[in-house]
Amino acid sequence: MTAQTNEVPLPRRRLGRQRLVGRALTYLVATLLALFILVPIYLITISALTPREQAFDYPRQLIPSAISFDTIVFFINASGVQASFWRSVAVGLITLALALSIGAPAGYALARYAFRGRNGYRILVLSTRAFPIVILAIPLAVTYLRLGIDDTIIGVALMHTALALPFTVLITSSVFASVPRELEEAAQTLGCHPLQAFIRVSLPLALPGLAAAAIFTWVISWNDVFAAVILTLLHPTLPAKVLSALTQSPIYYQFAAGFVMLLPSMIVIFFIRRYLLGLWGRVVK
């Protein structure tokens, strides 16, 4: 009787090597992307926490020997910074509410209803971001002056909503399209009317996408400089305040300003990320 060999067939071994190489390349690309994002954040953080007398040391230590919050505290207590900070928070929250309340129904309509010109409408929504705001600066400022909403929180929030709305519509439409229509139809056969079926079935499954849209909306509003500079003068948001006040400031104050602007966005993204991943886990289960 001949002994049977346990050798793996050659095609299967090649397939296993290809999968291994593909997985290694995926991890490599993910690592490079993570470093591309995290390295500047780390450098800004250690530069903001470096004592003033060590701000101009070269080469810069990757792990600082001393940490000081004096520069950050000085920047936070500077004239008008705290008011601009809370003004930016208010603008971001209003933008978030407006963009989701308008963009989510529009995204649901694009995902659920077939109408003539739907694909063209998607392209039209996205093409609004192709026009640079510089072209619209003068007519936008004149319109705001006539309406009396210049240099106000609601005026800046409306502009930020217009900037974030295309992303909100496209993201939410993709998410609602991934939710099976049959689930809503099954809920309606069990006694729910369309609104109840949407609230009880589709909306919970779409919450991860709404969280992702909220991240984009918040970041767009928080980081916007140009629109805030055009539309505000006496009551600027934090990015506009930083742009106008730190052009003649020492470099360590500029790093402190960058860190203060970066921190709220990182906190918001961190908490929404945890919520987002948890919801995706529930959906998969």
Q | Yes/no for I102 being in a helix (DSSP H, G or I), exposed (fewer than 13 other Cβ atoms within 10 Å of the Cβ), within 22 Å of the chain's Cα centre (by Cα) and hydrophobic (A, V, I, L, M, F, W, C) | A | no
Q: May I ask you to list pairs of residues, at least six apart or on different chains, whose Cβ atoms are under 7 Å apart, with the first in the range 183-207 being over 19 Å from S173 (Cα atoms) and the second being of a type outside the set (D, E, K, R)?
A: A187/A197; A187/V201; Q188/P194; Q188/A197
Q: Filter the range 221-238 for residues that are surrounded by fewer than 21 Cβ atoms within 10 Å (Cβ to Cβ), touching a residue at least 24 places away in the same chain (Cβ under 8 Å) and within 18 Å of the chain's Cα centre (by Cα) and give the result.
A: N223, F226
Q. How many of the residues making up the range 183-216 are over 29 Å from I267 (Cα atoms) and either crowded, with 18+ Cβ neighbours inside 10 Å or charged (D, E, K, R) (or both)?
A. 7
Q.
Would you confirm, using the coordinates I've provided, whether L126 is free of Cβ contacts under 8 Å to residues at least 60 places away in the same chain, of a type outside the set (S, T, Y), under 17 Å from A213 (Cβ atoms) and surrounded by fewer than 16 Cβ atoms within 10 Å (Cβ to Cβ)?
A. yes
**Q.** Search result, residues across the range 125-154 that are touching a helix residue (DSSP H, G or I) at 6+ places or on another chain (Cβ under 6 Å) and basic (K, R)
**A.** R129
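For residues in the range 63-94 being hydrophobic (A, V, I, L, M, F, W, C) and assigned to a loop (DSSP other than H, G, I, E, B), which is nearest to S249 (Cα to Cα)?
Within the range 63-94, the subset hydrophobic (A, V, I, L, M, F, W, C) is 63, 66-67, 69, 72-76, 78, 81, 83, 85-86, 89-91, 93-94.
Filter again for assigned to a loop (DSSP other than H, G, I, E, B), leaving 63, 66-67, 69, 78.
Values: I63: 25, A66: 23, I67: 21, F69: 17, A78: 12 Å.
That would be A78.
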Q: Take the range 125-167 and flag every residue that is outside any helix (DSSP H, G or I), closer than 16 Å to L234 by Cα and not polar (S, T, N, Q).
A: G148, I149, D150, D151
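Residue by residue, here is whether (1) closer than 30 Å to G258 by Cα; (2) modelled with pLDDT of 80 or more; (3) exposed (fewer than 15 other Cβ atoms within 10 Å of the Cβ); (4) touching a Gly at 6+ places or on another chain (Cβ under 8 Å) holds:
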site	(1), (2), (3), (4)
F74	yes, yes, yes, no
G117	no, no, yes, no
G120	no, no, yes, no
L140	yes, yes, no, no
L145	no, yes, yes, no
I149	yes, yes, no, yes
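The values are calculated or read from the model by the stated rules, or taken from the named source; none is laboratory data. Just so you know, these numbers come straight off a predicted model, no measurement behind them. So basically every Cβ, Gly included, is an ideal-geometry build from the backbone, and we count neighbours across all protein chains shown.
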